[in-house]
Amino acid sequence: MPTLEKSKKQSGEKEFAALLEEYLPQERALEGRVIKGKVCEIEHGYAVIDIGLKTEGRVPLRDMARPGYEAELEVGDMVDVYVERVETALGEAVLSCVKAQREQAWENLTEAFEAETRIEGAIVGRVKGGFTVDLGGATAFLPGSQVDVRPMRDVAALMNKPEMFQILKMDRRRSNIVVSRRAVLEERRAKERDEMLQTLAQGQTMEGIVKNITNYGAFVDLGGIDGLLHVTQISWKRIHHPSEILKMGDAVKVQIMRINPDTQKINLSMKQLESDPWDRVLETYPKGSRLKGVVTNVAEYGAFIEIEPGVEGLVHVSEMSWIKKNAPPSKLVLVSQEVDVEVLDIDIQKRRISLGMRQCMRNPYESFAEAHPVGSRVKGTVGNITEFGLFVGLENELDGMAHISDLDWTASGSEALARYKKGEEVETLVLDIDVEKARISLGIKQLDSSAMEALKDMKKGDTVTCAVAEIRDNGVEVTIGKTPVRVFIKRADLSRERGEQRPDRFTVGQKLDAHVTEYDPKTHKILLSVKALEIAEEKAAVAQYGSSDSGASLGDILGSALKKVTAAAKTPSAKTPSAETQSAETPSAKTPSAKTKAKKTEKVEKTEKAEKAEKAEKAEKAEKTAKTVKTAKAAKTTKTTKTTKTAKAEKAEKAEKAEKAEETEKKAKAEKK
């Protein structure tokens, strides 16, 4: 009996082991696989799924829904689940819909990557350098540069929303997937652009939406294709930034200016839809008209004035003020300031208008000339001291200059300058006013007229003898006659020959004759010129002794005249009878007394002396003129000789160099051999 029970027990254990061996392979075969399961029950956010083998598992409903959607699940539905374990200690199976979706997604993604097709997904999170995308169970990386065609600062509008993506890179072993939304958008936009370009034409007017604003313009969406509206095409008037007129999202009407089929770029314009204000500029603003304008921009060389929207003119810095010609424009006007201007010139082709501000103001130099005519006395303050004179500040911010030669009659220029200091008040005499050149010439020495008493009979055209008192780089200062009056002779007036105009050829104390070219008794202004004297003497000699048109040179004419004058001076006058002849020829009845005879003899002698002196003076002048001509000829001959000698020396030097080079070459060849 015991043996029978023991055998039954052993047979039962064998059957159980056989059944267990039969069941376990089935469980092991299910683990790690995706299988179909049936939804048995939905409770408390979980779905109970029966996978067979009398085993059930629980799966959260959130894992069974796609991002952005709710789970659409009912009892009895068949779903794919991933079996992690068939049975736990609690007797339940461990299932996962996420892993099932991932496994299925990887298979679908592999097929899409190989076929280069688009896939659907949603941006679910942000990571360093980009975003994470759920591709129906598989997680992919979306770089920040691949989100949109243009960089996006805020992607909140795209989060958890279905979008189409293209797989750029895929590595299943590393679970690495890189996707791009930009590639899909570019492909879509390219198709839309091609279709849109077929309907567009140059000159066509369209409406669009301002999509983006940059420093150089704005991008306008024309309904699937973008065009560039450059800042210069927004308005006829000057604008510094498109945001002054446009805003993001504004609806604008534009005209197509150009279409490039190769680059598919479109240039737009808003101002071409308006009339060009420059078409009526000549009629509206004729030359010389005065108007008001607003300063729109200030540059180093002037200021731009808007006289109407779209029409601007330039006021050059030299046309801003009568007085402050060298002042920066920013010191004279400000942006947005309203100013009065006058139209100076218009260039329609270059679209330029030259304006002037100072023309709308009265010239202060004209006012000064009316209030202080030449010869009047004015007081001012020494503003600046230079090597050539004093600048004196006058009324209405005007400046006058007292030249170094107009400071003192007797003292030298440097001595006279040393007497004045900057800021000192001085009294001056107005010598000259040049309204066009905006210059006022002043004099201080002219206030003292006592020194001019000795020259009161002097007049323009006289010849005066002077003594060199001071030598400067630009001329010489001389005293007239025996007076202490000093007059400056410019370098150009020292001689008619350019080579003789050097001030250093004179010495202090040297005597010279000069021609009075200008003399004003009121202002005591005196101008002397040696050059004018030489020209006058030559003209007088030619007029008196002959003409150079006959073929004879001026030297020949003057030489012949000099001989005649010298001979005439030595021969006694034939026309004047002597006292003896007169007494002999006079009858005795009419013989005058001794006193009468003496007086007549004295008159005759005086007449003869005067004639001789006059002839001698003419001979001396003729001799001086002849010497001047000979000196000029000699100078020219010397220059020609020097030039010839220089040319010969250069030829000789070149020949010597060539000979030396030839000898050197021969020596080098000999050394090589």
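The values are calculated or read from the model by the stated rules, or taken from the named source; none is laboratory data. Not measured: the values here are computed from a predicted model. Cβ atoms come from the backbone with ideal geometry, glycine included; neighbour counts cover every protein chain shown. For the accessible areas, the whole protein counts, side chains as well, though only heavy atoms, and no ligand, DNA or RNA atoms are used. Shrake-Rupley method; radii C 1.70, N 1.55, O 1.52, S 1.80 Å.
Against the conditions (1) surrounded by 17 or more Cβ atoms within 10 Å (Cβ to Cβ); (2) closer than 30 Å to residue 187 by Cβ; (3) at pLDDT 75 or above, residue 102 satisfies every one except (3).
Of all residues in segment 123-178, which are of a type in the set (Gly, Ala, Ser) and either surrounded by 14 or more Cβ atoms within 10 Å (Cβ to Cβ) or in a loop (DSSP other than H, G, I, E, B) (or both)? Walk me through it before giving the result.
Here is the first cut: in segment 123-178, the residues of a type in the set (Gly, Ala, Ser) are 125, 129-130, 136-138, 140, 144-145, 156-157, 175.
Matches in segment 123-178: 129, 130, 136, 137, 138, 140, 144, 175.
Whether a residue is in a strand (DSSP E or B) and either under 23 Å from residue 490 (Cβ atoms) or in contact (Cβ under 8 Å) with a residue 24 or more places away in the chain (or both) was assessed, and residue 432 passes this test.
Annotation: of all residues in segment 283-300 being among the charged types (D, E, K, R) and touching a residue at least 24 places away in the same chain (Cβ under 8 Å), the one that is most open to solvent (accessible area, probe 1.4 Å) is 300.
Look at (1) under 22 Å from residue 297 (Cβ atoms); (2) out of contact with any Cys (no Cβ under 6 Å at 6 or more places or on another chain) and you find that residue 340 fails only one, number (2). Restricting attention to segment 518-543, the residues being buried (at least 17 other Cβ atoms within 10 Å of the Cβ), in contact with a strand residue (DSSP E or B) (Cβ under 7 Å, 6 or more places away or on another chain) and in contact (Cβ under 8 Å) with a residue 40 or more places away in the chain number 9. Taking strands (runs of 3 or more DSSP E) as the structural unit, those lying wholly within segment 316-416 and holding at least 3 residues that are over 30 Å from residue 469 (Cα atoms) and open to solvent by less than 30 Å² (accessible area, probe 1.4 Å) correspond to 338-347, 352-356.
Scanning segment 290-309 for any residue that is within 30 Å of residue 196 (Cβ to Cβ), modelled with pLDDT under 90, not polar (S, T, N, Q) and not in a strand (DSSP E or B) turns up nothing. Among residues of segment 351-374 that are at negative phi, those with a Cβ under 6 angstrom from a residue that is among the acidic types (Asp, Glu) and in a helix (DSSP H, G or I), sequence gap 6+ or separate chain, pair up as 356/319; 358/319. If I filter segment 49-85 down to residues being in contact with a Leu (Cβ under 8 Å, 6 or more places away or on another chain) and farther than 18 Å from residue 103 by Cβ, which single residue comes out as modelled with the lowest pLDDT? In this case the residue turns out to be 53. Of everything in segment 400-414 that is hydrophobic (A, V, I, L, M, F, W, C) and under 39 Å from the mean Cα position of the chain (by Cα), the residue that is modelled with the lowest pLDDT is 404.
Taking every residue in segment 181-210 that is surrounded by fewer than 15 Cβ atoms within 10 Å (Cβ to Cβ) and pairing it with any residue that is modelled with pLDDT under 85, at least 6 positions away or on another chain, the pairs with Cβ-Cβ distances below 6 Å are 192/224.
In the set 238, 290, 280, only one residue is under 27 Å from the mean Cα position of the chain (by Cα), under 30 Å from residue 358 (Cβ atoms) and not β-branched (Val, Ile, Thr); that residue is 238. Listed conditions (1) touching a helix residue (DSSP H, G or I) at 6+ places or on another chain (Cβ under 9 Å); (2) closer than 18 Å to residue 264 by Cα; (3) hydrophobic (A, V, I, L, M, F, W, C) are all met by residue 210, apart from (2). The residue of segment 435-448 that is farthest from the chain's Cα centre (by Cα), among those that are under 24 Å from residue 326 (Cβ atoms) and in a loop (DSSP other than H, G, I, E, B), is 435.
Among residues of segment 459-471 that are basic (Lys, Arg), none has a Cβ under 6 angstrom from a residue that is open to solvent by 40 Å² or more (accessible area, probe 1.4 Å) and in a loop (DSSP other than H, G, I, E, B) at a sequence gap of 6+ or on a separate chain. Figure legend. Inter-residue proximity from segment 217-232: first residues free of Cβ contacts under 8 Å to residues at least 12 places away in the same chain, second residues of a type in the set (S, T, N, Q) and in a strand (DSSP E or B), beta-carbon distance below 6 Å, spacing 6+ or different chains. Indicated pairs: 219/212.
Take residue 471 and tell me if it is open to solvent by 60 Å² or more (accessible area, probe 1.4 Å) and either within 18 Å of residue 405 (Cα to Cα) or assigned to a strand (DSSP E or B) (or both). Here the answer is yes, as residue 471 does meet what is asked. The strands (runs of 3 or more DSSP E) found entirely in segment 211-282 that carry 3 or more residues being open to solvent by 70 Å² or more (accessible area, probe 1.4 Å) are 251-260.
Count of segment 480-514 residues, restricted to those that are within 22 Å of residue 445 (Cα to Cα), open to solvent by less than 50 Å² (accessible area, probe 1.4 Å) and either in contact with a helix residue (DSSP H, G or I) (Cβ under 6 Å, 6 or more places away or on another chain) or part of a loop (DSSP other than H, G, I, E, B) (or both), is 5.
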